[in-house]
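Following: one structure in structure tokens, then a few remarks.
The values are calculated or read from the model by the stated rules, or taken from the named source; none is laboratory data. No experiment lies behind these values; they were computed from the predicted model shown. All Cβ positions, even for glycine, are placed from backbone atoms using ideal geometry, and neighbour counts span all protein chains on display.
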Amino acid sequence: MKIIEYDGKHRESAIELMCLLQEHERRLSSDRPPSNEISAGQLDYLVAAVGNSIGKIFLAIESAQAVGLIVVFRDNEHPGTQHVYPEYLQYGLITDFVVAESHRGSSVASELLQHAEDFCHSHGLSIVKLSVLHTNAVARSFYEKKGYLPYEMVYRKVI
């Protein structure tokens with residue numbers, strides 16, 4: 001298995017991973033549309049977003065197939081904010097992260113996460129943030145084992 005930057009050559013298997021992520025999140029949250037309606041478009045959005053900013057999509061490749069995907073950006077607090085120290089105004093932000101079911105429990109997730117963290121470090125960032133659905137206990141456990149700690153809680157109410 002090797003980790004590469006996304007290229008169009010792996011588009012179909014990357015879309016399959018986006019479908020897997022979307023369907024997993026649909027089981028956890030009723031606000032997610034079906035994967036067949038959005039996964040290709042979401043991948044296109046992410047490709048454009050990393051192209052227009054400082055960000056990367058990394059793929060884990062095995063036997064010419066993408067078996068894992070992670071998306072990371074350099075992000076920042078709103079301009080002019082004063083509520084955190086200056087060294088924390090910019091940070092890495094992981095927005096999408098998925099590993100094929102056949103490769104869960106292997107090193108794929110750890111290696112992808114390490115690539116995202118290395119990307120952040122190479123851009124002078126000392127903080128990495130990500131969000132996870134509260135009901136996604138498996139992902140939360142993985143992140144906590146990797147040293148991530150709960151930071152902010154987002155509450156939501158449908159009105």
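Taken together, the residues in the range 117-129 that are buried (at least 17 other Cβ atoms within 10 Å of the Cβ) and in a helix (DSSP H, G or I) amount to 3. Is it the case that the range 42-56 has a residue that's in contact with a helix residue (DSSP H, G or I) (Cβ under 8 Å, 6 or more places away or on another chain) and in a strand (DSSP E or B)? There is at least one residue in the range 42-56 that is in contact with a helix residue (DSSP H, G or I) (Cβ under 8 Å, 6 or more places away or on another chain) and in a strand (DSSP E or B).
Please go through the range 99-116 and give me each residue that is modelled with pLDDT under 95 and assigned to a strand (DSSP E or B), ordered by number. None - no residue of the range 99-116 is modelled with pLDDT under 95 and assigned to a strand (DSSP E or B), so the list stays empty.
Step by step: first the residues of the range 23-41, then only those that are of a type in the set (Asp, Glu) and part of a helix (DSSP H, G or I), then the one that is nearest to the chain's Cα centre (by Cα). Which residue is that? Outline the logic, then answer.
The first filter runs over the range 23-41 and keeps only residues of a type in the set (Asp, Glu), leaving 23, 25, 31, 37.
Then drop every residue that is not part of a helix (DSSP H, G or I), which leaves 23, 25, 37.
On the way: Glu23: 15, Glu25: 13, Glu37: 20 Å.
Looking at residues that are of a type in the set (Asp, Glu) and part of a helix (DSSP H, G or I), I get Glu25.
For Leu46, the conditions (1) over 22 Å from Ser106 (Cβ atoms); (2) without any contact (Cβ under 8 Å) to a residue 24 or more places away in the chain; (3) surrounded by 15 or more Cβ atoms within 10 Å (Cβ to Cβ); (4) not β-branched (Val, Ile, Thr) are fulfilled apart from (2).
When Ser30, Ser35 are checked against the criterion of being loosely packed, with under 11 Cβ neighbours inside 10 Å, hydroxyl-bearing (Ser, Thr, Tyr) and within 23 Å of Glu101 (Cβ to Cβ), a single residue qualifies: Ser30. Of all residues in the range 130-159, those that are surrounded by 11 or more Cβ atoms within 10 Å (Cβ to Cβ) have Cβ atoms under 8 Å from Cβ atoms of residues that are among the polar types (S, T, N, Q) and at pLDDT 90 or above, 6 or more apart or on another chain, in Leu130/Thr95; Leu133/Ser29; Thr135/Ser29; Lys146/Ser110. Filtered by the rule that a residue be without any contact (Cβ under 8 Å) to a residue 40 or more places away in the chain, assigned to a strand (DSSP E or B) and over 10 Å from the mean Cα position of the chain (by Cα), the range 70-98 gives Asn76, Gln90, Tyr91, Gly92.
The sole residue among Glu101, Glu62, Glu25 that is in contact (Cβ under 8 Å) with a residue 60 or more places away in the chain, surrounded by fewer than 11 Cβ atoms within 10 Å (Cβ to Cβ) and not basic (Lys, Arg) is Glu101.
Conditions (1) out of contact with any Asp or Glu (no Cβ under 7 Å at 6 or more places or on another chain); (2) of a type outside the set (Val, Ile, Thr), marked per residue:
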site	(1), (2)
Val67	yes, no
His78	yes, yes
Leu89	no, yes
Leu93	no, yes
Ser102	yes, yes
Val108	yes, no
Leu112	yes, yes
His115	yes, yes
